[in-house]
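**Student:** What follows is a single structure, and I will ask about it in a moment.
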Amino acid sequence: MLQEVERWLADRSWSADDRPLDQLFSAKRAAGTTVSVVLPALDEEATVGEIVEVIRRDLIDGRPVPLVDELVVVDSGSTDRTAEVAAKAGARVVHRDEVLPRIPALPGKGEVLWRSLLATTGDVVCFVDADLRDFSSVFVSGIVGPLLTDPGIQFVKAMYDRPLGTAGPGAGDAGPGAGDGRPGGAEQGGRVTELVARPLLNLHWPQLAGFVQPLGGEYAVRRSLLERLPFPVGYGVELGLLVDALHTAGLDALAQVDVGVRLHRHQDGRALGRMAAAIYRTAQVRLSRGHLVRPALTQFERGPDGFVPHTYPVDTEERPPMAEIEEYASRRVA
């Protein structure tokens, strides 16, 4: 298995510099492939506007053949100016609850990503988190590139360094590439990645051991694959999609591209615990499809009279493959 991973790393791991923009524009023009970029957003007014502006400036506006055909922000119930800022910057803003209203929406990032398939039409769907700072359009062009130039590639994840200590005192880590508050240096995976996701993958799906950022929120996938995959509605969506893509398309259809450095907003340690529980649960379901004895997580906070327990439900819902949804199937026929 180690030899297979090493072979995959040599054959399916690239740098964004390996495919210059001119090559991507030419390949897109020749193939006629359409690309949709989706930003799932919840209270991201501070960062979403810059991300949209950079994508429009570098990959859409003034290009004879734009690299990105659709730029969509899916707002999952923001209480700030996320929708207004995103629209002003040039994105089409879609509200989660307006997509597939027949099915009541559930909270969670995976729910937003799943519904975005009905809100977009591109042959390639590229997901980008809306909390990135100092954003570079290489996060899009880098991971879309292999899908435009190699018909055998179906799923591409970004890999990157995450400088430590960029979120300020007391900050936690919302996902991969996160820091621990120490100054200087860089690390590849965050705490949830290194303590939960990477051990799970190495022990149970060792073919995926070569992914530097298995939980990263930046990845591009052919619609023809995405529409066949179930979507965990919450934090487990990245792990679930990666594992299911392996079983559906095979290892050689998966790839990763180095896009440099990722800076993003952090969460506190308790949020990371809930994230870890959801990811473990997602793996557990894929290993056994069995009964979850206790789909809840109890955490503790110190109160005036000692430690106080708080119990949270663990994300247990999954959406079926979008190809099975009547509205989606009808649109494809039309």
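**Student:** At 7 Å along the Cα-to-beta-carbon direction for both T79 and D18, put a label point, then send me their distance in nm to one decimal.
**Tutor:** Roughly 4.5 nm, to one decimal.
**Student:** Okay, moving on. Restricting to DSSP H runs of at least four residues, report the calculated mean residue ellipticity at 222 nm for the chain, -39500 (n - 2.57) per run over all residues, nearest 500 deg cm²/dmol.
**Tutor:** -10500 deg cm²/dmol
**Student:** Provide the packing ranking of 114-122, 80-88, i.e. peptides ordered by the mean count of other C-beta atoms within 10 Å per residue, highest first.
**Tutor:** 114-122, 80-88
**Student:** What is the set of long-range amide H partners of S15 at a cut-off below 5 Å, with H atoms built 1.01 Å from backbone N?
**Tutor:** So S15 has HN proximity to D258.
**Student:** Non-local amide H neighbours of R133 (under 5 Å, H modeled in plane, Pro and chain starts lacking H): which ones?
**Tutor:** L263, H264
**Student:** Which of the peptides 153-161, 138-146 is most tightly packed, and how do the rest follow, going by the mean number of other Cβ atoms within 10 Å of each residue?
**Tutor:** The densest-packed peptide leads the list: 138-146, 153-161.
**Student:** If you don't mind, another one. Under a point spin-label approximation (7 Å from Cα along Cα-to-Cβ), what is the R302-E50 distance to one decimal in nm?
**Tutor:** In this crude spin-label approximation the distance works out to 3.6 nm.
**Student:** Continuing with the same structure: Candidates (1) 48; (2) 63; (3) 43; which is the computed percent of Cα pairs over 27 Å apart?
**Tutor:** It is the value labelled (3).
**Student:** Leaving out same-chain residues fewer than 8 places away, which lysines sit with a Cα under 24 Å from that of K157?
**Tutor:** Within the straight-line cut-off, K157 pairs with K28, K109.
**Student:** In the chain, which helices (entire DSSP H runs) extend 20 Å or more along their own long axis, judged by Cα positions, while averaging at least -0.5 on the Kyte-Doolittle scale?
**Tutor:** The answer, listed by residue number, is 269-288.
**Student:** Report the antiparallel proportion of the DSSP beta bridges in the chain as a percent, rounded to a multiple of 5.
**Tutor:** Bridges in the chain that DSSP calls antiparallel: roughly 50 percent.
Values in this text are rule-based calculations from the coordinates and carry no lab data. Note that the coordinates shown come from a computational prediction; the quantities given were computed from them, not determined experimentally. Glycine also receives a Cβ, built like all others from the backbone with ideal geometry; neighbour counts cover every protein chain displayed.
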